[in-house]
1. Quick check on the stretch 113-125: of everything there that is within 21 Å of residue 69 (Cβ to Cβ) and outside any helix (DSSP H, G or I), which residue is nearest to the ligand (Cβ to nearest atom)?
2. So, in the stretch 95-109, of the ones that are more than 14 Å from the ligand (Cβ to nearest atom) and in a helix (DSSP H, G or I), which residue ends up farthest from residue 78 (Cα to Cα)?
3. Which of the residues that make up the stretch 10-24 are over 15 Å from the mean Cα position of the chain (by Cα) and either part of a helix (DSSP H, G or I) or crowded, with 18+ Cβ neighbours inside 10 Å (or both)?
4. Which of the following residues is modelled with pLDDT of 95 or more, out of contact with any helix residue (DSSP H, G or I) (no Cβ under 8 Å at 6 or more places or on another chain) and over 18 Å from residue 113 (Cβ atoms): 11, 46, 19?
5. Could you please find all residues in the stretch 17-32 being more than 16 Å from the ligand (Cβ to nearest atom) and touching a strand residue (DSSP E or B) at 6+ places or on another chain (Cβ under 8 Å)?
6. Looking at the structure I just gave you, is residue 61 surrounded by fewer than 17 Cβ atoms within 10 Å (Cβ to Cβ) and either outside any helix (DSSP H, G or I) or within 12 Å of the ligand (Cβ to nearest atom) (or both)?
7. Of the residues that make up the stretch 41-54, is at least one in a loop (DSSP other than H, G, I, E, B) and out of contact with any strand residue (DSSP E or B) (no Cβ under 8 Å at 6 or more places or on another chain)?
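The values are calculated or read from the model by the stated rules, or taken from the named source; none is laboratory data. Computed from a prediction, not measured in an experiment: that's the story for all the values here. Cβ placement follows ideal geometry from the backbone for every residue including glycine, while neighbour counts extend to all protein chains displayed.
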Ligand SMILES: Cc1cc2nc3c(=O)[nH]c(=O)nc-3n(C[C@H](O)[C@H](O)[C@H](O)COP(=O)(O)O)c2cc1C
């Protein structure tokens with residue numbers, strides 16, 4: 001498990017090789033095993049493969065251009081009324097599970113933040129994504145996750161500093 005977690009790194013350059021339905025299914029299952037407050041499970045995930053739609057998603061803000069390259073983009077959404085106080089945490093746990101499972105399969109991912117405002121775009125990022133994929137009102141969009149085989153070998157990563165871990169008291 002630690003190996004899959006440690007080898008995960010944001011991938012922004014992808015091979016055109018397709019991701020199989022089985023691989024996508026496994027990643028979705030991992031996401032849907034996440035914990036959620038009150039076990040509300042407010043998650044909805046939109047699987048986008050269509051090139052034209054990925055092109056549209058790539059314009060959501062200036063840090064999403066590589067949606068055109070990854071053969072798949074997953075859109076992580078939540079039904080807000082199911083988990084009004086905790087949908088962000090519920091969705092974040094699902095996103096992280098997906099990233100780690102993809103890493104274990106040798107696939108690359110990048111979390112693209114969508115919630116809130118974004119500079120240089122007429123529509124708020126969430127509204128942009130809602131429009132591209134017909135996501136109804138009441139469904140919140142937290143993140144896009146690009147998914148595909150990495151074009152480059154992943155760079156070596158160090159964990160965050162252990163100095164930031166405190167024993168019993170600060
Ligand atoms: C909430 C959140 C939003 C992010 N949004 C973007 C984004 O819009 N575009 C992008 O290229 N990377 C985005 N990232 C990826 C981070 O830049 C990346 O995780 C960070 O630089 C650490 O690198 P690593 O993922 O390789 O460990 C986001 C990550 C998180 C957790």
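1. 113
2. Here the residue is 104.
3. In the first step, residues of the stretch 10-24 are kept if they are over 15 Å from the mean Cα position of the chain (by Cα); the result is 13-23.
14, 19, 21, 22, 23 - these are the residues of the stretch 10-24 that are over 15 Å from the mean Cα position of the chain (by Cα) and either part of a helix (DSSP H, G or I) or crowded, with 18+ Cβ neighbours inside 10 Å (or both).
4. Testing whether each residue is modelled with pLDDT of 95 or more, out of contact with any helix residue (DSSP H, G or I) (no Cβ under 8 Å at 6 or more places or on another chain) and over 18 Å from residue 113 (Cβ atoms) leaves just 19.
5. The initial filter retains those residues of the stretch 17-32 that are more than 16 Å from the ligand (Cβ to nearest atom), namely 17-30, 32.
Passing the criteria: 17, 19, 24, 27, 28, 32.
6. Details: surrounded by fewer than 17 Cβ atoms within 10 Å (Cβ to Cβ): no; either outside any helix (DSSP H, G or I) or within 12 Å of the ligand (Cβ to nearest atom) (or both): yes.
For residue 61, the condition - surrounded by fewer than 17 Cβ atoms within 10 Å (Cβ to Cβ) and either outside any helix (DSSP H, G or I) or within 12 Å of the ligand (Cβ to nearest atom) (or both) - is not met.
7. yes
Residue-wise test of (1) buried (at least 22 other Cβ atoms within 10 Å of the Cβ); (2) modelled with pLDDT under 95; (3) not in a helix (DSSP H, G or I).
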{"position": "66", "(1), (2), (3)": "no, no, no"}
{"position": "74", "(1), (2), (3)": "yes, no, yes"}
{"position": "91", "(1), (2), (3)": "yes, no, no"}
{"position": "111", "(1), (2), (3)": "no, no, yes"}
